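The values are calculated or read from the model by the stated rules, or taken from the named source; none is laboratory data. What you see is a predicted model; the values in this text were computed from it and never measured. Neighbour counts are summed over all protein chains in view; Cβ atoms, including those assigned to glycine, are modelled from backbone coordinates with ideal geometry.
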Amino acid sequence: MLFTKELLCLLLGVVLFALTYRKLCRVEFGRGWIIAFILLTIAGVALAFRLMGIRYLETPTTRAYGVPFVIAGGDLVNGKWADGGVGLYMPLPLLANIAFGVAVCIIPLSILLHFQSRKN
């Protein structure tokens, strides 16, 4: 089930990115819109890496790194934390988290583009 959620998040993030970029490539939008798109994309990647740095305890002896998808974990063994990667599909949570961060930052621009293109 988690694998499906990761794939869905990745797919939705890529589709939103592609549709927003395609809409921006029209002649009616100027250079300022494209610059805003690039800056928001960079901010989305930075947000994703910041979210992946969040560490929280799942149980008193287990901790995890990454929101919304866990990219690493650790166990308390003999009073010391032993951290490492989790899961067989390690690149997928990383990509899904990046897609999530970019999508969160691009959604407002996509909504503005939708209303702006209706005015013209």
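Figures for the structure shown
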| item | result |
| --- | --- |
| Residue ID - nearest to the chain's Cα centre (by Cα), chosen from residues in segment 1-17 that are of a type in the set (A, V, I, L, M, F, W, C) and farther than 15 Å from CYS105 by Cβ | LEU10 |
| First in segment 92-117 and over 13 Å from LEU8 (Cβ atoms) and in contact (Cβ under 8 Å) with a residue 12 or more places away in the chain, second anywhere and buried (at least 18 other Cβ atoms within 10 Å of the Cβ) and of a type in the set (Lys, Arg), Cβ under 6 Å, 6 or more apart | LEU113/LYS23 |
| In segment 27-70, residue surrounded by the most Cβ atoms within 10 Å (Cβ to Cβ) [restricted to those that are within 22 Å of THR4 (Cα to Cα), among the hydrophobic types (A, V, I, L, M, F, W, C) and in contact with a strand residue (DSSP E or B) (Cβ under 7 Å, 6 or more places away or on another chain)] | MET52 |
| Residue that is nearest to the chain's Cα centre (by Cα) [pool: residues in segment 18-44 that are assigned to a helix (DSSP H, G or I) and either within 19 Å of LEU94 (Cβ to Cβ) or charged (D, E, K, R) (or both)] | GLY44 |
| Those residues of segment 60-109 which are in a loop (DSSP other than H, G, I, E, B) and of a type in the set (Gly, Ala, Ser), in sequence order | GLY66, GLY79, GLY87 |
| Lone qualifier among LEU88, LEU94 - being under 21 Å from MET1 (Cβ atoms) and modelled with pLDDT under 90 | LEU88 |
| Answer from PHE100, PHE115 - the residue that is aromatic (Phe, Trp, Tyr), surrounded by 13 or more Cβ atoms within 10 Å (Cβ to Cβ) and within 30 Å of LEU19 (Cβ to Cβ) | PHE100 |
